[in-house]
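Quick notes on the structure that follows.
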Amino acid sequence: MDSNWQLFLDSLWPLAKGAITATIPLSLISFAIGLAIALLMALMRMSGNKLVSSIARVYISIIRGTPLLVQLFVIFYGMPSIGITIDPWPSAIIAFSLNIGGYAAEIIRAAILSVPAGQWEAGYTVGMSRTRTLFRIILPQAARVSVPPLSNSFISLVKDTSLASLILVTEMFRKAQEITASTYEFMLLYLTAAGLYWIICLVLSGLQNLLEGRLEKYVAK
């Protein structure tokens, strides 16, 4: 029992360090890039140009119709077969960003469509162009609607980063695997990693509730 307790204490910092230096940065970078892709895909999906709209539809369909693990493997293990080799970190960022882009695109599109059409007309009335109306009037309102589902997507992404261990990214779960390779204490180390993921997600959920509360103040009653 004492040895297990000591192993638990000894493993806490390496796992926490893996979360601080890899898991969280990987999540933040991928989510930021993924949101940019999602916004582009959402606008393309809503385009009156059938070709542009079809490209977005196909992209979203492929991303949502294939497992994230397969996407990771295609980018990291598959691309070298056609002469393109990408290091583990960039591979993980590309895969996670594309995945978030596919799922968040529909969230953003739905949020934009939820804004009353009269808001577009209001922008045109004061002389704004369609682009200016979109960024000054529509998107700020859509952002409030999209915060809960996008926050849930980010929390899911934090957990999904554990898959990056399979392409040699040294994040928190990879650290747990490295320690178990020498100690063979699989249950203890994996439960410790699970506990840390849980704590991170609890903190993110709390931040989500605070953000939603602040945005609620700007909702007309």
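The values are calculated or read from the model by the stated rules, or taken from the named source; none is laboratory data. In this text the structure is predicted, and so the values were computed from the model without any measurement. We place every Cβ from the backbone using ideal geometry, glycine too, and count neighbours over all the protein chains shown.
The table for this structure:
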| quantity | calculated |
| --- | --- |
| Boolean, Leu139 is surrounded by 14 or more Cβ atoms within 10 Å (Cβ to Cβ) and under 30 Å from Val126 (Cα atoms) | yes |
| Among residues of segment 38-59, those that are among the hydrophobic types (A, V, I, L, M, F, W, C), part of a helix (DSSP H, G or I) and within 19 Å of Thr131 (Cβ to Cβ), counted | 9 |
| Failed criterion for Ser30 (all others in (1) modelled with pLDDT under 95; (2) within 24 Å of Lys159 (Cβ to Cβ); (3) of a type outside the set (A, V, I, L, M) hold) | (1) |
| Which listed residue is among the aliphatic types (A, V, I, L, M), closer than 25 Å to Leu35 by Cα and part of a helix (DSSP H, G or I), from Ala142, Ala181, Ala193 | Ala142 |
| Close pairs (9 angstrom Cβ cut-off, 6 or more residues apart or separate chains): in contact (Cβ under 8 Å) with a residue 24 or more places away in the chain and closer than 21 Å to Ile93 by Cα in segment 51-71, hydroxyl-bearing (Ser, Thr, Tyr) and exposed (fewer than 15 other Cβ atoms within 10 Å of the Cβ) anywhere | Ala56/Ser47 |
| Identity of the residue in segment 72-124, assigned to a loop (DSSP other than H, G, I, E, B) and not acidic (Asp, Glu), that ends up surrounded by the fewest Cβ atoms within 10 Å (Cβ to Cβ) | Gly83 |
| Residue in segment 200-210 that is under 22 Å from the mean Cα position of the chain (by Cα), assigned to a helix (DSSP H, G or I), over 25 Å from Trp89 (Cα atoms) and among the hydroxyl-bearing types (Ser, Thr, Tyr) present | yes |
| Filtered residues of segment 21-52 (kept if of a type in the set (Gly, Ala, Ser) and either loosely packed, with under 15 Cβ neighbours inside 10 Å or within 26 Å of Ala193 (Cα to Cα) (or both)) | Ala22, Ser27, Ser30, Ala32, Gly34, Ala36, Ser47, Gly48 |
